[in-house]
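First the structure, in the form of C-alpha cells, and then the observations on it.
The values are calculated or read from the model by the stated rules, or taken from the named source; none is laboratory data. Just so it is clear, the model here is predicted, and its values are computed rather than measured. Here the Cβ positions follow ideal geometry from the backbone for every residue, glycine too, while neighbour counts run over all protein chains shown.
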Amino acid sequence: MTRMIPILAVVLVLQIALAFGLHYAEQAKVNDPGKKIVTTDLAPVDKIVLQEKNRKLVIDRVGKVWTLPQVYNFPAAPESVTRLLDQLKNLNGNWPVATTADAAPRFKVASTDFEKRIELSGAGKNMVSVLLGSAAGHDRLHVRVDKTNEIYSVEIPEREVSTESSDWIDRASVELQSADIDSVELPQLKLVRKKKDFELHYGGKVAALDGTAAAEILESIASVNISEVLGAQPKPEYGLDTPILTFSVELKNGVKLKYLFGKLSGSNFYVLRKPSGDFYLKIDPWFVDRLRQLSAEGLVQKSTQLQKLRDSATKQLIEKTQTPNSKVPVGK
C-alpha cells in the first residue's frame, strides 16, 4: 500500500497539470480574436451595394455625405453606414466551417447563389465583395469573401445589412436639438427662450413659462418623425398649396427654419417640405396633430402648477433641515 502512495501522487499531479493545461488552452481560444476575414483597407470605400435576390440598394458617398441614389439622393444615416463598415472590418473567424469551393452553394455563399452580397467600391473600382449565406445561429451568418474558399460563421445582425431603403434614411437630418432652439412660432402661440426660463406669447398676452412646460413644445418640434421620402419635386397631392400647418423656428445661431405641412391626398399622413433641401417627406399624423392641439392656456396652467409644487417642496425641505436649536427665539 505504501508503495502505491507515490504512484497515486504522481497521477494526481499529472491530472491537475492536465486540467490546468486544458483550462488555459480553452481560455486562449476564447480570447483569440481569430483570423481577419476582410483584409482590404476599407477607408477609400465610396460606394456600397447591398444585394439580395430581388432587391438591390446602393449607398454612395458624395464628399463627406453618404446618400441614397434610389431615394432621390436623400442622406443615408451616417452612423448606420459606419456601423456596417466597422462590422465588416472587424469580422474575425477562429476556424472556417469549410475550405473547399464546392461547399459554397451548401452554405448559400456561392458567387451566383447567395442570401446577400455586399460590394464595396472606391474610385469606380470594386475593392471587395462579401457573400452572406445561411443562418448559423442567432444573429450569426455564414460568410465568404469572394475569390476565396474559406467559409466562416460570424455575428452579423440582419438589420445591419438590410436592403430596405427605409432602414437607411437619415431621420436625424430633419430633427433638431431642443437646447438649440431659441424661439418657436406656431399659429396659436410663440415661445421665446430667455436667460433662465421662457416667455409664452398668445392672444395678446405674455406669460412666463418654466423649462418643464416649455419642453412640451420644444420636444414636439424637435422630434420630426419621417415615415418615407416621397420625392424631390412638388406634387398637387402633397396638399402644400393649402397647408394645414405652418410654423417657424429660430435657432441660437440665428438660422431660421420654416416648416410647411400639407395633407397627403387619400391618406391620414402629412407631407413636409424639408426646411433645408428640396425633399418632400411623409410624416406620421400624430406629429402634426400634437402640434395643432398644443394649448397656450394649458401650458400656462401646467407651468403654474409645477411652480407651486416646487415652492411647496422647497418649503418642506427648509422646515425639515431646521433643528429646534437653529430657530432664533422671538424677541432675542
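Name every residue in region 263-302 that is of a type outside the set (A, V, I, L, M, F, W, C) and more than 27 Å from the chain's Cα centre (by Cα), in order of residue number. Correct list: LYS263, SER265, GLY266, SER267, ARG292, GLN293, SER295, GLU297, GLY298, GLN301, LYS302. Restricting region 145-181 to residues that are within 29 Å of the chain's Cα centre (by Cα) and part of a strand (DSSP E or B), the residue that is surrounded by the fewest Cβ atoms within 10 Å (Cβ to Cβ) is GLU155. Residues of region 210-240 that are among the charged types (D, E, K, R) and more than 24 Å from VAL300 (Cα to Cα): GLU228, LYS235, GLU237.
Between GLY262, GLY298, GLY277, which is assigned by TED's automatic domain parsing to the domain that holds PRO236, modelled with pLDDT under 80 and either surrounded by 11 or more Cβ atoms within 10 Å (Cβ to Cβ) or closer than 25 Å to LYS194 by Cβ (or both)? Don't jump to the end; show me each part of the working.
Details: GLY262 fails: modelled with pLDDT under 80; GLY298 fails: modelled with pLDDT under 80.
None of the others qualify; the one that does is GLY277.
Any residue at all in region 86-97 that's touching a residue at least 40 places away in the same chain (Cβ under 8 Å) and farther than 23 Å from ASP139 by Cα? The answer is no, given that none of the residues of region 86-97 is touching a residue at least 40 places away in the same chain (Cβ under 8 Å) and farther than 23 Å from ASP139 by Cα. Residues that are touching an Asp or Glu at 6+ places or on another chain (Cβ under 8 Å) and surrounded by fewer than 19 Cβ atoms within 10 Å (Cβ to Cβ) within region 97-107 comprise ALA98, THR99, PRO105, listed in sequence order. Checking the structure you have, find out if any residue of region 180-190 is modelled with pLDDT under 95 and among the basic types (Lys, Arg). No, that holds for no residue.
Just a yes or no: is a residue in region 102-115 within 30 Å of SER276 (Cβ to Cβ) and assigned by TED's automatic domain parsing to the domain that holds GLN70? Before the answer, list the steps.
Going through region 102-115, the residues within 30 Å of SER276 (Cβ to Cβ) turn out to be none.
Looking for residues that are within 30 Å of SER276 (Cβ to Cβ) and assigned by TED's automatic domain parsing to the domain that holds GLN70, one finds none in region 102-115, hence no.
Close Cβ contacts (under 6 Å, 6 or more residues apart or on different chains) running from residues in region 170-184 that are of a type in the set (Ser, Thr, Tyr) to residues that are assigned to a helix (DSSP H, G or I) and buried (at least 17 other Cβ atoms within 10 Å of the Cβ) comprise SER178/LEU218; SER178/ALA222. All conditions in (1) farther than 18 Å from SER165 by Cβ; (2) touching a strand residue (DSSP E or B) at 6+ places or on another chain (Cβ under 6 Å); (3) surrounded by 17 or more Cβ atoms within 10 Å (Cβ to Cβ); (4) modelled with pLDDT of 95 or more hold for ALA136, with the sole exception of (4).
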